[in-house]
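Read the figures in this text as sums done on the coordinates, not as results from a lab. The shown structure was predicted, so the numbers you read here are calculated from the model rather than taken from an experiment. When we count neighbours, we look across all protein chains shown, and the Cβ atoms used for this are built from the backbone with ideal geometry, even at glycine.
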Amino acid sequence: MPVQGLPPYDDNNIFAKILRGEIPCKKVFENDWALAFHDIAPQAPVHVLVIPKGKYCSFADFSANAPAEEIAGFARAVGQVARDLGLEAPGYRLISNMGEHSGQEVPHYHAHILAGRPLGRMLPKT
Ligand code: AMP
């Protein structure tokens, strides 16, 4: 079900094409619930995207409409990717952009894992 006021899922978005294997990615993890791959334009020494296999436009859509099993599977996959990459001790930042004000570019829900150096303030002072 589309989130109120937002467009429905677009099957032609770039992450849908990656999931279908139509566009390559630098895969770091895959299971029944999630696919993780390196961001094409990294903003930190480690910048990995984790996306659910299901068709969800955003966190709003995923949190409202995904079955509990899928939400749990995705959350555990994000944690596993960070663990597998050895990021727990130095730490990492988890970001998900949702909608216009966040600057979300790709309308398939995804979590950014950013790490590899001290990342500073969460948002720049305005
Ligand atoms: P967002 O602004 O939260 O929607 O983030 C979208 C992210 O997807 C950006 O960090 C882009 O660099 C990244 N991106 C776009 N196309 C690709 C691609 N083909 N492979 C990997 N990452 C991509």
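So which lysines can residue 26 reach, going by Cα to Cα under 18 Å and dropping same-chain residues fewer than 8 places off?
Partners found: 17, 53.
Starting with the fewest neighbours, write out 18, 23 ranked by other beta-carbon atoms found within 10 Å of each beta-carbon.
Values: 18 19, 23 11.
Ascending Cβ contact count within 10 Å gives the list 23, 18.
For residue 125, give me every one of the lysines with a C-alpha distance below 27 angstrom, ignoring sequence neighbours fewer than eight places off in its own chain.
none
Hey, what number do you get for the chain at 222 nm if only DSSP H runs of n ≥ 4 count, each worth -39500 (n - 2.57), divided across all residues, to the nearest 500?
Values: 3 runs with 30 residues, N = 126.
Estimated from H runs of four or more residues: -7000 deg cm²/dmol.
Could you pull out the trypsin sites (Lys or Arg not before Pro) across the range 35-126 that fall in loop regions by DSSP (anything but H, G, I, E, B) with no more than 11 other Cβ atoms inside 10 Å? Don't skip to the answer; put the middle values down first.
Details: sites: 53, 55, 76, 83, 93, 121, 125; in loops: 53, 55, 121, 125.
Those satisfying the criteria are 121, 125.
Answer with one residue from 78, 51, 38: the one whose Cα lies farthest towards the positive end of the charge dipole of the range 14-115, charges on Cβ with Lys, Arg +1 and Asp, Glu -1.
Highest projection toward the positive end goes to 38.
Helix 68-84 against the longest principal axis of the chain: what's the angle in degrees, Cα atoms only, rounded to the nearest 10?
So the inclination is approximately 20 degrees.
Neighbouring Cβ atoms within 10 Å as the yardstick, rank 96, 58 fewest first. Show your work: numbers first, answer last.
Working: 96 16, 58 22.
Result, fewest neighbours first: 96, 58.
How long are the three semi-axes of the equivalent ellipsoid for the range 7-52, computed from the Cα gyration tensor as the root of 5 times each eigenvalue, in whole Å, largest first? Spell out each step's value before the answer.
Values: eigenvalues 71, 34, 21 Å².
Sorted largest first and rounded, they come to 19, 13, 10 Å.
Starting at 0 and stepping by 5 Å, how many percent of the alpha carbon pairs of the chain end up in each bin?
With 5 Å bins starting at 0, P(r) equals 2, 11, 20, 24, 21, 14, 7, 2, 0.
For the range 50-126, which GluC sites (Glu not before Pro) are both in a DSSP coil and crowded by at most 13 other Cβ atoms within 10 Å? Write out the running numbers ahead of the final one.
Numbers: sites: 69, 70, 88, 100, 105; in loops: 88, 105.
Sparse-neighbourhood loop GluC sites (Glu not before Pro): 88, 105.
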